[in-house]
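Structure first, commentary second.
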Amino acid sequence: MAHTLSSAGRRIAQRARSLNSSAIREILKFTERPHMISFAGGMPLSATFGLPALREASVRASHGAESFQYSTTEGYAPLREWIAREHSDSQHRVSPSSVLVTSGSQQAFDLIGKVLLDPHATVLVERPTYLGALQSLSLYEPEFVSVPMDEHGLVSKALESIGPERAALLYLQPNFQNPTGARLSFQRRRSIAEIARRTGLIIIEDDPYAALAFDGRQVPSIHSMAPDHVIYLGSFSKVLAPGLRVGYMIVPRVLEQKFVQVKQAADLHSSTLSQRIVYETVREGFLASHVLRIASLYREQCEAMLSALDRHMPPGVRWNVPEGGMFVWLALPEGIDSEALLKDALAVKVAFVPGAPFFARDSLHHYIRLSFATAAPEQIDLGIERLAALINAYSRVLTPYLATDLHR
Ligand SMILES: Cc1ncc(COP(=O)(O)O)c(C=O)c1O
């Protein structure tokens, strides 16, 4: 038996060998323990799912046998039309033919890897970036090159100096980035769109958090500025329910057929029933008011987290002030190892995600990602107080070493 396992193990293909299970999935196992205060998951609060609307839509969607039948690879036509309308305005019209429904937006990374990445192709990513994208794209063996970002998102000037013309792709998130919470400024979107038009760069604009803006303000997408150069990814996971696994890509016209072919090869099509449930839920305009409710709830929870951080964190800890989404990105004093901190935090029933896996290379170990989406405000305060006490203790141990360093 042991012999069979080890010889099968040796047959694992090169591209899968370095793949690890996502750090977040591993941590989520701990968060299911009783009384755990979890800032770890990127999942939405289940109370935001709008269950009555989903239930009614499910009944309507499951009427006919066709909801349980195979369907077209491109996706359910009324849903594709709805998505195209949502992304169209007087300046910019999206055709339903450029919309491909995917099994969560996560599937899009795999399809993009198949269509656009040869081994060793250069993929530009934000520093830091969404680790699920790194995990999925890494199966196509690219070389990741990180582009710096600040509180206004990816630094477009830095992109220019990196040499975008030699890259196969640029992957970025314009709104409330996972993990930093940053929103890319309008000016930078314009510069990045201009760079793409000038150099032929293809951009993956991954945008699952756009609707969760606390101020309700929508900044125009890069897709609307350079539709022939952008693959736009949308998702119903954060605004409806992630278990439905319905996301979508809007792709440049020249790539439409190729994406349909690889999607067909991958899974024939996404769940017929899930797509119809989504369509039945959103068709009469349910989302417009629903996302306002979710954003206002998350805003309250975010404020609770920011004021708890202000109250409890020792000097030397820095964080961003998000304008939407689900995440606060915390910089600890350098020298504190966030993985070691996590072990101690789990012991006092607080979970978070250490920052290192969000870096494509040269990981920094003194960052952590905190989600404010799933914990209630009073839990947030208690969890941050416990975390701050630990960080304080770590800082005190560190101080003599830091002081010695300064004397050198
Ligand atoms: C930035 C980002 N992109 C894509 C995804 C994948 O989402 P889904 O496959 O549920 O649409 C996530 C999930 O957390 C995410 O945070």
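The values are calculated or read from the model by the stated rules, or taken from the named source; none is laboratory data. All values derive from a computational prediction rather than experimental measurement. Virtual Cβ from ideal backbone geometry, glycine too; neighbours counted across all protein chains shown. Side chains included, ligands, DNA and RNA excluded: accessible areas come from the protein's heavy atoms. Shrake-Rupley method; radii C 1.70, N 1.55, O 1.52, S 1.80 Å.
Any chance region 213-231 includes a residue that's touching a Ser or Thr at 6+ places or on another chain (Cβ under 6 Å) and of a type outside the set (S, T, N, Q)? Checked region 213-231: no residue is touching a Ser or Thr at 6+ places or on another chain (Cβ under 6 Å) and of a type outside the set (S, T, N, Q). When restricted to residues that are part of a helix (DSSP H, G or I) and in contact (Cβ under 8 Å) with a residue 12 or more places away in the chain, region 72-88 contains 8. Condition check for Asp89 on (1) within 16 Å of the ligand (Cβ to nearest atom); (2) at pLDDT below 95: one failure, at (1).
Elements of the type helices (runs of 4 or more DSSP H) sitting completely within region 92-185 and holding at least 2 residues that are away from the ligand (no atom under 16 Å from the Cβ) and either surrounded by fewer than 17 Cβ atoms within 10 Å (Cβ to Cβ) or more than 17 Å from the chain's Cα centre (by Cα) (or both): these cover 106-116, 156-162. Among the residues of region 324-345, those that are outside any strand (DSSP E or B) and crowded, with 18+ Cβ neighbours inside 10 Å comprise Gly325, Met326, Leu332, Ile336, Ser338, Leu341, Leu342, Ala345. Evaluation of Val251 against the conditions (1) within 21 Å of the chain's Cα centre (by Cα); (2) not assigned by TED's automatic domain parsing to the domain that holds Leu100 shows that the sole unmet condition is (2). Residues in region 48-71 include at least one that is part of a helix (DSSP H, G or I) and within 30 Å of Leu387 (Cβ to Cβ). Which residue pairs have Cβ atoms closer than 8 Å, lie 6 or more positions apart in sequence or on different chains, and pair a first residue in region 345-374 that is closer than 23 Å to Glu126 by Cα with a second residue that is among the acidic types (Asp, Glu) and open to solvent by 10 Å² or more (accessible area, probe 1.4 Å)? So the pair list comes out as Pro354/Glu339; Ala356/Glu339; His365/Asp337; His365/Glu339; His366/Glu334; His366/Asp337. The sole residue among Val230, Val254, Val246 that is within 10 Å of the ligand (Cβ to nearest atom) and among the β-branched types (Val, Ile, Thr) is Val246.
Please state which one of Ala295, Ala393, Ala375 is under 20 Å from the mean Cα position of the chain (by Cα) and modelled with pLDDT under 95.
From the options Ala295, Ala393, Ala375, the qualifying one is Ala375.
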